[in-house]
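The values are calculated or read from the model by the stated rules, or taken from the named source; none is laboratory data. Quantities reported herein were computed from a predicted structural model and do not represent experimental measurements. Using ideal geometry, Cβ is built from the backbone for each residue, glycine included, and neighbour counts are taken over all protein chains shown. When the accessible area is computed, the model is the full protein with side chains, heavy atoms only, and any ligands, DNA or RNA have been set aside. Shrake-Rupley method; radii C 1.70, N 1.55, O 1.52, S 1.80 Å.
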Amino acid sequence: MQGYASLDFWCARVRAAHPQLSPGLPRCIHSTRSTLMSSEEEVLPIPNLKLPQAHFVLQNQRLQSLHGKALEDLVAGVEADEMAPYYKLLLESTPSLKRDDALLKKMEDANTAAFAKLDEALANAEKTEGETEISDALRAKATYLTKIGDKEKALEAQKLALEKTPGLGSRIDIVLTMIRIGFFFQDNAVVAEWMTKASELIDQGGDWDRRNRLKVYEGRHMLSVRRFKEASDLLLDALSTFTATEVFEYNEFVTLTVLSGTLTLERVELKKRIMSSPEVNSVLPELPHLGDYFTSLYNCDYSRFFRALAEVEQMYLIPSRILSPHTQFYVREMRVLAYSQLLQSYRSVSIASLSAAFGVTPSFIDADLSRFIISGRLNCTIDKVSGIVETHRPDRKNALYEQVVKQGDVVLNEIQKLSKVLC
């Protein structure tokens, strides 16, 4: 892994000496790093995480225009990986997927033949070979079970392989595979359990690549459980050293990094870590509306930002298996962020000016601000008679005082309850 560090060092030197080359460097770095890694130890995309994404699109009625392509990709992927167990699960939950008995029999026959070979190899290793060969045979069987989408058997086989595998690097790879099984079946309990184990193993001496790979896994998990701040920190840290193509394609990774960062970063950090990032800028031409999205927010062009936010919602949030459950939350938080950014510059501003700035009607601004004011998200009031919004600077001392009083009341109530029980 020392080659990666050298590559990053020399790329940094090139950027400094020839800034005009910066936009093209990240893709070159990513390609070269992937080549280096494939020559050392390739991590295969097993299980194929594109398939549950296709299944998600197929199940979402709002994405009917994408159903044809999603069905085609799903069936092709299942057939390519001989996924008979997963195909049976899909048939139970996907009305639009027509049962193909010939395909099912073909995959089941392929599974039977593969298991016969794997069991024979394992038996031979146990009879005549050493621990390394036995470990390799166990890992091969576990990998195949993972590939065909047999969740329970795959997890059992991976755990057995983990027990029999001596090397730290190989043990980390097995644990990362179990995390991917959790991603595949959207099982957060499995993901959380093995994420903890992976962190423990990495702390024992994991190498550079596996350490950075784990950041991507953790970032993905944080996104799925709506912890955008933690996700943003992890994904940004991995941005210039990304190699986890078994989890994300590069463009998808950059998209998720930008979306989480735009929500959580302060303006100075947004400029530094996203707008000025050569890794981000190199792929923006391939990601419609994403550049407008964070640039318009930074430049306080709120009308353009609202339009870009609507496009981002339709193009990147709703179709995403990871982000779709959090779409309403994300869009709401981005509107609060935009309103707060504008209002902090004024003591008062007319509703008409706000509606013009955001490119929406005064009635929309009135209703939207009212909701956020009532919930305590915006420190301002609306004067309906004068048609203005008055901002209030939060008094930090009073806020802390109120917080202490509330917490003190809770503690006193608990003490009283406890004293009644003891008496």
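State all residues of the range 294-311 that are without any contact (Cβ under 8 Å) to a residue 12 or more places away in the chain and either within 10 Å of Phe358 (Cα to Cα) or not in a helix (DSSP H, G or I) (or both); if no residue qualifies, say none. Show your work before the answer.
Going through the range 294-311, the residues without any contact (Cβ under 8 Å) to a residue 12 or more places away in the chain turn out to be 299, 301, 310.
The answer is Asn299, Asp301.
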query: Within the bounds of the range 159-169, is there any residue that is within 30 Å of Leu323 (Cβ to Cβ) and surrounded by 15 or more Cβ atoms within 10 Å (Cβ to Cβ)?
result: no
- prompt: Would it be correct to say that Val336 is touching a Gly at 6+ places or on another chain (Cβ under 9 Å) and over 27 Å from Gln186 (Cα atoms)?
  reply: no
query: Here are Val410, Val421, Val404, Val360: which of them is touching a residue at least 40 places away in the same chain (Cβ under 8 Å) and either touching a strand residue (DSSP E or B) at 6+ places or on another chain (Cβ under 9 Å) or farther than 21 Å from Ser260 by Cβ (or both)?
result: Val360
message: Would you confirm, using the coordinates I've provided, whether Val268 is free of Cβ contacts under 8 Å to residues at least 60 places away in the same chain, touching a Ser or Thr at 6+ places or on another chain (Cβ under 9 Å) and part of a helix (DSSP H, G or I)?
response: no
Given (1) at pLDDT 95 or above; (2) open to solvent by 10 Å² or more (accessible area, probe 1.4 Å); (3) of a type in the set (A, V, I, L, M, F, W, C), number of the condition Trp208 does not satisfy: (1)
message: Suppose we filter Ile181, Ile148 for residues that are surrounded by 19 or more Cβ atoms within 10 Å (Cβ to Cβ), among the aliphatic types (A, V, I, L, M) and touching a Leu at 6+ places or on another chain (Cβ under 7 Å); which single one remains?
response: Ile181
query: Does the range 247-254 contain any residue that is surrounded by fewer than 21 Cβ atoms within 10 Å (Cβ to Cβ), under 28 Å from Arg211 (Cβ atoms) and touching a His at 6+ places or on another chain (Cβ under 9 Å)?
result: yes
message: Any residue at all in the range 316-323 that's at pLDDT 95 or above, more than 22 Å from Arg62 (Cα to Cα) and among the basic types (Lys, Arg)?
response: no
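Can you confirm whether Val254 is farther than 16 Å from Val312 by Cα, hydrophobic (A, V, I, L, M, F, W, C) and in a helix (DSSP H, G or I)?
Spelling it out, it is not the case that Val254 is farther than 16 Å from Val312 by Cα, hydrophobic (A, V, I, L, M, F, W, C) and in a helix (DSSP H, G or I).
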field: Tally, over the range 76-119, of residues that are open to solvent by less than 50 Å² (accessible area, probe 1.4 Å) and charged (D, E, K, R)
entry: 1
- line: Of (1) open to solvent by 50 Å² or more (accessible area, probe 1.4 Å); (2) without any contact (Cβ under 8 Å) to a residue 12 or more places away in the chain; (3) not acidic (Asp, Glu), Arg139 fails just (2)
- prompt: Given (1) among the charged types (D, E, K, R); (2) surrounded by 12 or more Cβ atoms within 10 Å (Cβ to Cβ); (3) farther than 27 Å from Gly167 by Cβ, where does Glu72 come up short, assuming only one miss?
  reply: (2)
- line: Residue hits (the range 43-68; more than 19 Å from Ile322 (Cα to Cα) and part of a helix (DSSP H, G or I)) are Ser65, Gly68
message: Only one of Lys141, Lys98 is out of contact with any Lys or Arg (no Cβ under 9 Å at 6 or more places or on another chain) and farther than 30 Å from Val57 by Cβ. Can you tell me which?
response: Lys141
field: Selected residue [touching a Pro at 6+ places or on another chain (Cβ under 9 Å) and open to solvent by 50 Å² or more (accessible area, probe 1.4 Å)] from Asn281, Asn299
entry: Asn281
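Out of all the residues in the range 69-116, which are among the polar types (S, T, N, Q) and assigned to a helix (DSSP H, G or I)? Spell out how you get there, then give the answer.
Quick first cut of the range 69-116, residues among the polar types (S, T, N, Q) only: 93-94, 96, 111-112.
Across the range 69-116, the qualifying residues are Ser93, Asn111, Thr112.
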field: Unique residue being at pLDDT 95 or above and in contact with a helix residue (DSSP H, G or I) (Cβ under 9 Å, 6 or more places away or on another chain) when the list is Ala154, Ala113
entry: Ala154
